[in-house]
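Note sheet for the following structure.
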Amino acid sequence: MKERPLVRRPLPLPLTGRDETAGQTVWSGTISFSLVAIPVHLVKAVEPGRVSFRLLHNTDYSPLLKRMVCPKDGKVVPPDEIVRGYEIGPDQYIQITDEELDSVSPERSRTIEIVEFIDMEEVDPIYYDHPYYLIPARGGEKAYLLLVEVMRRTHKAGLAKFVLGEREYLVAIKSTQGALSLITLHYSEEILPDADLVPDERGVEAGKKEGMKKIIGEMTADFEPDKYGDERRKKMLKLLKKIEKERTPVEAPAADGEAGEGPVDLIAALQESMRRMKRNR
Amino acid sequence: MRKASEVGGRPLSLSNLEKDLYPSYGFTKAEILEYYRRISPFILPHLKGRALTLKRYPNGVGEGFFFEKHCPSHRPSWVATAELPRHDGGEMTVCLVNDLPTLIWVGNLASIELHIPLARADSPQTPDCLVFDLDPGDQAGILECARVALILRDLLLPLRLEGFVKTSGQKGIHLYVPLNRKEATFADTKQFSKTVAEALQRNYPDLITAKMAKAERIKKVFINWSQNDASKTMVSVYSLRAREKPFVSSPISWGELEDLAGQGDPEKLFILPSAVLSRAEKGGDLFREVLVKKQRLPYS
């Protein structure tokens, strides 16, 4: 197979020993296979660029809260009255406790144990769930760079089972832009079958196929993601900047208890003083 | 263009002096610095020992601005600073404008507006005064603010509290009630100002609101009691404002305010640097009492 050119793109993080307390580290441990063990930190590889908004009450600009409400009486249900139910039929649930849930939760992984190496081209991107970077921890730099280089040249990816948070994931570890990336993969049972959605192949004329191939050939380009920006996000940020200059910000009132009803004596004195003022006018 | 200069014995490199920072009116950076130099005997006592928030307009008042709470790291070594606790538990270095060279240095950064908290940096939780920030809503203006200020004066006097007013330099009026007592707390000043604002809203529902919401403020004056907070800043007395013209947040006597409110000409409540200077140089600092008068909030 043809070796791919290495796309040089600056990584957002230095590839050197890293302080474990740094905020972006999601997990720390080692990658291991055979006799190799490389200490690494797992960090986020993407930050969705979505512009988010708070919902405010239009009368006093209080930021609104989400509350669990009982549909029967419309009242807020306190956390200690909330339990989990698994829906087995219309209005039928089996109740499950936190302890029961914990009993099936996997133990936190200390290592990412690569069980086999696969050809990355065999993994359809439909399996890709979420990308992370793996960066070397102190002392792991050399072995790390070696693995990056060899995986890049052979275009192989390591497959491993890995527990992150509450879930056990199937993950692929591959070489990306001079670093290791880790991609959590969907399990095959999560992939929806496409059989019923796509018409079958019979009836496609050979001539049409050639025509289509030609068009695609003409439109072929190198993948340069920098060419494409999130235009809506750009426009949104520009708009927000403009509004920020023109519009005085609204402020939420002080939260309850900070300055509630004033002292009764003061209210009475003010009231009395105002009665006099109005009389004298 | 940079010009090497010396102010109060300190070397200062002043830049872009000829730049017109109020292009629709015509007021250069040199004129801004000259205003701050001449007003310095009056403004410095009010800035002294307080964390300055710079509001910088590098390209003039029509263009963008940015706030700077941190004292710029490129500051000269002689600029006084203080360390203030931050919300996240860390500390932040702030500028204290304690002398003329610092005032001119700050002006040279195109910090046209000077904003300060109501407490000093060495006692950031102790307000020296209580403020009623009178802010007109849509279809209301400075004359309505003047009316509300006069009502407030008459309301506070029986409580044995004397207030002092300044124009905001924009459309509002700021009424300061000096306290100058180390027992004062923001919890008390906020509670007091809120109670007063709400009482006024009940009695003058067509003129006054104590609510922040824009829709509540149409044709009314919003008494912004929430400014009485350690985290908030007010534009300093004698600071220039970045409007189309270089209006000043200028102190004004109660007599003048009554006259001007009676004349019904809002223009006279927008005061330019030349008028501010001649008033101060002739009559002294009308806001002097705000720094020294000791008063106690009743019923708290």
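Listing for the model above:
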| quantity | calculated |
| --- | --- |
| Net charge dipole size for chain B [Lys, Arg +1 and Asp, Glu -1 on Cβ; Debye, nearest 20] | 300 debye |
| Straight-distance crosslink candidates among aspartates and glutamates, where the alpha carbon sits under 19 Å from B:Lys214 and sequence neighbours closer than 8 are dropped | A:Asp60, A:Glu244, A:Glu246, A:Glu251, B:Asp133, B:Asp135, B:Asp138, B:Glu144, B:Glu198, B:Asp206 |
| Span per principal axis, largest first, for the Cα atoms of chain A (Å) | 97, 52, 52 |
| Largest to smallest principal axis extent of the C-alpha atoms in the stretch A:184-281, angstrom | 99, 38, 28 |
| Cysteines in the protein assembly as shown lacking a second Cys C-beta under 4.7 Å | A:Cys70, B:Cys129, B:Cys145 |
| The stretch B:101-180: GluC sites (Glu not before Pro) in DSSP coil with no more than 16 other Cβ atoms inside 10 Å | B:Glu162 |
| Lys, Arg +1 and Asp, Glu -1 on Cβ, resulting dipole of the stretch A:162-259 about Cα centre, debye, nearest 20 | 760 debye |
| Unit charges at the beta carbon, dipole of the protein assembly as shown: most positive-side option, A:Ile88, B:Ala280, B:Phe132 | B:Ala280 |
| Solvent exposure of the protein assembly as shown as accessible area per residue, Å², 1.4 Å probe | 59 Å² |
| log10 of Debye I(q)/I(0), alpha-carbon scatterers only, for the protein assembly as shown at 0.06, 0.11 Å⁻¹ | -0.53, -1.09 |
| Where only C-alpha atoms are counted, convex hull volume of the stretch B:166-258 per residue in Å³ | 139 Å³ |
| Phi to ³J(HN,Hα) by Karplus 6.51 cos²θ - 1.76 cosθ + 1.60 over the stretch A:45-62, Hz, x for Gly, Pro | 9, 9, 10, x, x, 5, 8, 10, 10, 8, 8, 10, 7, 6, 8, 9, 6, 5 |
| In the stretch B:209-300, the GluC sites (Glu not before Pro) that fall in loop regions by DSSP, at most 13 other Cβ within 10 Å | B:Glu244 |
| Tensor-based shape of the stretch B:32-83 (alpha-carbon gyration tensor, a/c under 1.5 rounded, otherwise prolate or oblate) | oblate |
| GluC sites (Glu not before Pro) within the stretch A:99-180: DSSP coil, no more than 14 neighbouring Cβ in 10 Å | A:Glu107, A:Glu166 |
| Solvent-accessible area buried by B and A, counting both chains, probe 1.4 angstrom, square angstrom | 2400 Å² |
| Set A:Lys245/B:Lys293; B:Lys171/B:Lys194; B:Lys3/B:Lys282; B:Lys55/B:Lys268; A:Lys238/B:Lys19; B:Lys171/B:Lys282 screened for pairs whose C-alpha atoms are more than 29 Å apart | A:Lys245/B:Lys293; B:Lys3/B:Lys282 |
| The stretch B:2-116: radius of gyration over Cα atoms, expressed as a fraction of 2.2 N^0.38 Å | 1.06 |
| Cα→Cβ-extended label distance, 7 Å offset, between A:Glu81 and A:Glu99, nm | 2.4 nm |
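The values are calculated or read from the model by the stated rules, or taken from the named source; none is laboratory data. From a predicted model like this one, the values you see are computed outputs, not experimental measurements. So basically every Cβ, Gly included, is an ideal-geometry build from the backbone, and we count neighbours across all protein chains shown. Each accessible area value is taken on the protein alone, full model and side chains, heavy atoms only, with ligands, DNA and RNA left out. Shrake-Rupley method; radii C 1.70, N 1.55, O 1.52, S 1.80 Å.
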